[in-house]
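What follows draws every value from the coordinates through simple rules; no lab data is involved. Just so you know, these numbers come straight off a predicted model, no measurement behind them. Here the Cβ positions follow ideal geometry from the backbone for every residue, glycine too, while neighbour counts run over all protein chains shown.
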Amino acid sequence: MTSGFELLWHTWDDESVVYHTGSGDTHLLDTIAMSALMALENKALTVAELVEKVSKHCAINPDPAFFESITQLISSFNRLGLIERYSH
Amino acid sequence: MKVSELSPAEFSKRLKRRGIYLKTGPFISHIRSSIPAVARNLSLLYSDHQLMTSEDFADFHIELFRSRGLRRWYRPQVNFSFDGHIPFKPLPLAQAFPMFEWTLNWCIANHSNQYLILHAAAIEKDGLAVILPAPPGTGKSTLCAGLSSRGWRLLSDELAILRLGDMKLLPLARPINLKNDSIDIMRQYTPDATFGQTSHDTAKGDVAHMKPSTDSVIRSDETATPTWIIFPKYVANENISLTLRSKAQTFIYAAENAFNYSALGLKGFQAMEHLIDSCHCYDFIYSDLDQAVEQFNSLPLSEEITP
Amino acid sequence: MKPDCILVTALTDPGIMRSLNLKQWDLLIRQARNANLSGRLNTLCHENGLLEHIPEQAINHLSSAQILADRQVDTIRWEVNRIQQALERLDVPVVLLKGAAYLLSGLPAAKGRIFTDIDLLFRKKEIDAVEKTLLLFGWFPTKMDEYDQRYYRTWMHEIPPLSHIKRHSVLDVHHAILPETASLHPDTEKLLENIIPVKGFDNLFTLSEVDMVLHSATHLFHDGELENGLRDLIDLDALLRHFSENNPDFWNDIVLRAHDLELSRPLYYAFKYSNKLLNTPIPKNILTSLDQSPIKPLAWFMDRLFSRALQPDHASCDDGFTGIARWLLYVRSHYLRMPFQLLLPHLLRKAWMRRFNEQDTTI
């Protein structure tokens, strides 16, 4: 997570909206994106760790395509300023 | 005192000299103009509205005036001034009244962050309100005008104003802005209603305003509880249908099209969260106004649709 | 000049807001709105426990302004975070100026303040790298014609403002606090020697306390066009009160530092007008020791100009001379910026372009 800022959620059925207190932007997330962001909010993870967590949580086979979609998800989270590289 | 208590001549004299203090819902606007079309449309379409005195607090001080200089003779124009500042370029004089309407919307939308202001129409019956978002061209205004002539109270045709805190809808009850074909459709559907002059060739095509019902103007201090958010769409010859809609997507649409969602920050998110959570969200397709009215008179109060 | 600008009275003596009638509130809200001080006014009402004495209509406008100010605080914090993240790799100190500095240092001057842009200071030799890096992260130079571009690059102490392509935030990137052509030459190196780190950040700084005040004074009285004159004077008042509160040496320090940086004249004006309009408690001996008053007739004339231009930009505060006063100060700000032989062609061109643009847009 980008430090010093918070996320606020609301989930309806299999979709969520999430508000970022820094950018002030609100994003629409599906189950996978939601599960990934929640996992990262909890603690910093490597891509492999994140793939494992999300695939378990959403009961999806962690094949290469899934790995690729998580990688893309991470880069869009990063672009939106929701997360940053953990370096400490 | 009501606007209608003044003769048109007296009204236009006041408007020109010291200006009038017009109450529309929670706002009082101090308006000055010497442009005859503004005076005529105001006294016609706002005849049931209250006039306050110059001793009252005005939320907005606005003036519409003709451009000076040579151009006034061959290409007359109208300017809008907000308390001495001129935020917009002038428009052709023939669009003076539509300009008044949208600049008043601008005043409200830009200076009222104590409210969450959605770009949507809103109507009420028995204390429960329907919010009608939807992009232009979907028949939102037509539906709103139709319903308001068949027993629903008009809250607003353009700005749904939600009070932060209790999330009640506040009425504005101003003239309904009709475009192009809707103008004739409503003239036929509600022959008793009063219509202002049609302005041609505005950015949105032809524009005319329909006077709000006396009842909705008189009750413009009476709030309503938002209960349904319905995205209407007029599709010719299509069967009527009301279908559940994703709440999260409704949230995002309403937020992106709100006037001040992002200015409110966290407060905006919380308000919208509360609104979406407490409303039933539907898509609505109609091709006939009478059928649409019938459907609205039996809107479901739980998340199921009666066939 | 009209004696009764109700906004200045309310800002200096908030207690009077207890007894205003609706008509007076109407005027106060309008003046505050035009002067960009509604949020500030709201802060004062809260701090002085006045809310129960204020009519609902006025509270609506004050809370509306406060909500906007609150959101701006988040926005500025976020932009600063983004700037810092972008410039991390450069290993140059990022120095915040003005509003963003007040906010990030938690100074009372930031309370309820409206921010327009973020001001940053770097060494001149670092500017190029900074600009290129910011570009990579989405901050592009705002559109301007070639003349304006050249004007900025050649004569100004900052590069053309940068605007973020998605978020539209505006950055003013400075390499000095006055243009190189200006008559005064405060040395950027001296300012950078005394910068202080912002808590919680690795590479973020503000100017020292006295330098912060000197910069604010310089911006208002030697550089700016006073479009936010009263707002900037409120900043100065808040900074002076806060810094002098627990530091008996503050007044002497700032006078010495002003001398060192060649900024005694703007500091003199800052003291004089914040005291005159906002009752800032400036020790008498400090004001006399600074004696930078220009020769008598000029002093009288400047006083007429400043006294008007520092009022809220609202018709109710103007007299017949206000427009001319603002215009003369505008010309003066350019005159102080550049040698006279450059000034006249520049102003003529500006006037011509304005006229030209007007024609262009309305036909």
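Residues in segment A:7-31 that are touching a strand residue (DSSP E or B) at 6+ places or on another chain (Cβ under 8 Å) and facing chain B (nearest Cβ under 7 Å): A:L8, A:H10, A:E15, A:S16, A:V17, A:Y19, A:T21, A:T26, A:L28.
Yes or no, residue by residue, for (1) surrounded by 18 or more Cβ atoms within 10 Å (Cβ to Cβ); (2) within 14 Å of another protein chain (Cβ to nearest Cβ); (3) acidic (D, E):
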residue	(1), (2), (3)
B:R219	no, no, no
B:T225	no, no, no
B:P232	yes, no, no
B:V235	no, no, no
B:E238	no, no, yes
B:T243	no, no, no
B:A248	yes, yes, no
B:Y253	yes, yes, no
B:E256	no, yes, yes
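Checking C:L87, C:L50, C:L120, C:L107 one by one, the residue that is closer than 27 Å to C:R241 by Cα and either within 14 Å of chain A (Cβ to nearest Cβ) or crowded, with 22+ Cβ neighbours inside 10 Å (or both) is C:L120 and no other.
Just a yes or no: is a residue in segment B:279-299 within 26 Å of C:D70 (Cα to Cα) and in contact with an Asp or Glu (Cβ under 6 Å, 6 or more places away or on another chain)? Looking through segment B:279-299, none of the residues is within 26 Å of C:D70 (Cα to Cα) and in contact with an Asp or Glu (Cβ under 6 Å, 6 or more places away or on another chain).
For B:K16, the conditions (1) within 14 Å of chain C (Cβ to nearest Cβ); (2) without any contact (Cβ under 8 Å) to a residue 60 or more places away in the chain are fulfilled apart from (1). The residue list A:V17, A:V51 contains one member that is touching a Pro at 6+ places or on another chain (Cβ under 6 Å) and in contact (Cβ under 8 Å) with a residue 12 or more places away in the chain, which is A:V51.
When B:N257, B:N297 are checked against the criterion of being within 16 Å of B:P232 (Cβ to Cβ) and within 21 Å of the chain's Cα centre (by Cα), a single residue qualifies: B:N257. The residue of segment C:8-30 that is nearest to the other protein chains (Cβ to nearest Cβ), among those that are under 23 Å from the mean Cα position of the chain (by Cα) and closer than 18 Å to B:D56 by Cβ, is C:R30. Among the strands (runs of 3 or more DSSP E) confined to segment C:160-242, the ones with at least 3 residues that are in contact with a Pro (Cβ under 9 Å, 6 or more places away or on another chain) are located at C:170-174, C:204-206. Evaluating C:V92 against the criteria (1) away from chain A (no Cβ under 14 Å); (2) surrounded by fewer than 18 Cβ atoms within 10 Å (Cβ to Cβ); (3) assigned to a helix (DSSP H, G or I) leaves one unmet condition, (3).
A:T71 meets all of the listed conditions (1) in a helix (DSSP H, G or I); (2) out of contact with any helix residue (DSSP H, G or I) (no Cβ under 8 Å at 6 or more places or on another chain) but one, namely (2). Within segment C:64-74, can one find any residue that is aliphatic (A, V, I, L, M), more than 14 Å from chain A (Cβ to nearest Cβ), assigned to a helix (DSSP H, G or I) and surrounded by fewer than 16 Cβ atoms within 10 Å (Cβ to Cβ)? Within segment C:64-74 (the criterion being aliphatic (A, V, I, L, M), more than 14 Å from chain A (Cβ to nearest Cβ), assigned to a helix (DSSP H, G or I) and surrounded by fewer than 16 Cβ atoms within 10 Å (Cβ to Cβ)), the answer is no, since none of the residues qualifies. The residue pairs whose first member lies in segment B:274-298 and is within 14 Å of chain A (Cβ to nearest Cβ), whose second member is among the acidic types (D, E), and whose beta carbons are closer than 7 Å, counting only pairs six or more residues apart or on different chains, are B:H280/B:E303.
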